[in-house]
Amino acid sequence: MKTRYSPATKPVLVTGGAGFVGCNLADRLASEGHRVRIFDALARPGVETNLEWLCQRHGDRIEPVIADVRDAAALNAAARGIAAAYHFAAQVAVTTSMTDPAQDFAINVGGTFNLLEAVRAAGKGIPVIFASTNKVYGDLAEFGSQLTPHGYAPLDEQLARHGVSEAQPLDFHTPYGCSTGAADQYVLDYARSFGLPTCVLRMSCIYGPHQMGTEDQGWVAHFLIQALQERPIRIYGDGRQVRDVLHVDDAVSAYLGALGRISEVAGRAFNLGGGPANAISLLQLVGCIEELTGRKVQVEFDDWRAGDQRYYVSDASAARRALGLPRPTPWREGVADLARWLSGERAERQLVESV
Ligand SMILES: NC(=O)c1ccc[n+]([C@@H]2O[C@H](COP(=O)([O-])OP(=O)(O)OC[C@H]3O[C@@H](n4cnc5c(N)ncnc54)[C@H](O)[C@@H]3O)[C@@H](O)[C@H]2O)c1
């Protein structure tokens with residue numbers, strides 16, 4: 001999907017633009033002719049390769065700013081003269097938020113606040129689109145769940161059929177849930193209080209090329225990386241927890257749709273995920289990886305982690321209607337695409353190392 005925003009001389013700011021979702025979005029924007037200002041502290045190991053890839057592909061259309069969202073002055077400078085802002089720079093892991101909640105708060109709440117203020121100072125009517133999380137809905141334990149051959153399923157039939165909609169009450173769990181949830185609410189309120197055209201996409205599991213998946217975040221890519229390196233996969237819990245997964249190309253279409261239709265969707269939050277058709281348990285993914293690699297994957301189990309939902313599947317129908325999205329990529333196709341990309345990357349790295 002193309003933006004209805006015509007490529008202007010003004011750049012689009014993408015905080016966290018060297019990261020997984022941000023770099024895929026920046027690539028699509030630059031391919032459409034936009035100038036893209038990437039604001040990133042390169043805090044996540046490996047993301048510098050994403051930035052190099054963007055610069056190689058798009059040359060001057062990419063304007064890197066290596067800085068931290070906790071630095072309000074740097075954000076003020078980066079927001080000057082922009083057409084729109086996407087906000088992906090964040091502390092992204094629940095685990096890290098448990099060991100260092102102060103840093104999590106400073107980056108996710110403080111950084112988002114700094115961005116909103118920077119955009120507000122930069123001029124009227126500049127859209128801000130924010131990447132939020134399904135964790136704003138808590139662990140959903142109130143619905144109860146039962147084990148089925150495909151993993152946990154909610155007892156509530158409506159929920160099982162459609163997934164979690166935006167009508168679900170907010171219930172922040174874990175410092176990461178609180179900080180991202182607070183940022184989500186700030187972004188929405190800046191539409192109410194200051195008339196900033198803002199929009200929030202509450203994502204479940206996004207996967208795809210350029211994801212530096214680790215045990216702490218990005219489990220689809222992490223499982224594949226481990227399997228390709230013939231290393232064991234550690235699963236926290238029993239592996240029967242269910243998530244809806246969405247290919248990053250589909251997520252990027254939603255972010256472009258939000259900007260293209262910002263006058264219609266300003267002040268709204270949408271759930272964004274693969275929906276019931278792309279709901280899989282962790283063990284189902286392991287099975288799919290074994291089919292793709294033709295090898296048995298070694299799995300180790302550990303205790304459940306804080307705030308881990310037994311079942312989370314988004315009802316993304318509101319986003320699909322409002323943002324004009326096509327049917328998402330079927331998960332097996334998407335996982336095979338990521339496996340191909342990761343294999344290519346590994347081969348390239350081995351080639352570079354052997355020279
Ligand atoms: N990927 C998913 O499945 C998913 C799901 C739900 C929500 N989210 C949210 O979407 C956003 C983007 O996620 P992602 O998967 O692309 O993560 P990512 O870790 O790949 O990207 C985040 C980027 O932010 C940068 N960054 C971190 N701290 C920074 C700071 N203090 N200042 C400036 N830059 C900083 C990192 O270097 C990285 O490039 C995050 O807020 C994440 O919590 C992601």
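Read-outs throughout are calculated quantities, based only on the coordinates presented, and are distinct from any laboratory measurement. Please read these numbers as outputs of a predicted model, since none were measured by experiment. When we count neighbours, we look across all protein chains shown, and the Cβ atoms used for this are built from the backbone with ideal geometry, even at glycine.
Here are some notes:
- Each Lys and Arg adds +1 at its Cβ and each Asp and Glu adds -1 at its Cβ; summed about the Cα centre, the stretch 140-214 shows a dipole of about 200 debye.
- At the listed q of 0.06, 0.07, 0.10 Å⁻¹, the Debye profile of the chain, built from one uniform point per Cα, gives log10 I(q)/I(0) equal to -0.20, -0.28, -0.58.
- Our summary gives the stretch 11-166 a relative contact order of 21 percent, counting only alpha carbon pairs under 8 angstrom and 6 or more residues apart.
- By the count of other C-beta atoms within 10 Å, a proxy for reagent exposure, 156, 250 are ordered fewest to most as 156, 250.
- Using the alpha carbons alone, the radius of gyration of the stretch 122-161 stands to its Kirkwood radius in an Rg to Rh ratio of 1.31.
- Shape summary: the stretch 224-344 maps onto an equivalent ellipsoid whose semi-axes, from the alpha-carbon gyration tensor, are 30, 18, 11 Å in decreasing order.
- Expressed as a whole percent, the proportion of Cα-Cα pairs in the stretch 148-223 lying more than 22 Å apart is 48%.
- The stretch 313-333 and the stretch 120-137: distance between their alpha carbon centers, rounded to Å: 21
- Distance between the C-alpha centres of the stretch 29-61 and the stretch 175-237: 19 Å, rounded to the whole angstrom.
- Per residue of the chain, the DSSP helices (runs of n ≥ 4 H) give a summed -39500 (n - 2.57) that works out to -13000 deg cm²/dmol at 222 nm.
- Relative contact order %, the chain, counting alpha carbon pairs below 8 Å whose residues are six or more apart: 18
- Each residue of the stretch 146-161 was assigned a 3J(HN,Hα) from its phi angle through the Karplus curve 6.51 cos²θ - 1.76 cosθ + 1.60 (θ = phi - 60°); the sequence is 10, 7, 10, x, 9, x, 5, 9, x, 6, 5, 5, 4, 5, 4, 7 Hz, with glycine and proline shown as x.
- Convex hull volume of the Cα atoms of the stretch 248-319, normalised per residue: 120 Å³.
- Exposure proxy order (Cβ contacts within 10 Å, fewest to most) of 301, 223: 301, 223
- Relative compactness, the stretch 15-59, computed as alpha-carbon Rg over 2.2 N^0.38 Å: 1.01
- Assigned charges on the beta-carbon of Lys, Arg, Asp, Glu; the chain dipole about Cα centre (debye): 1160
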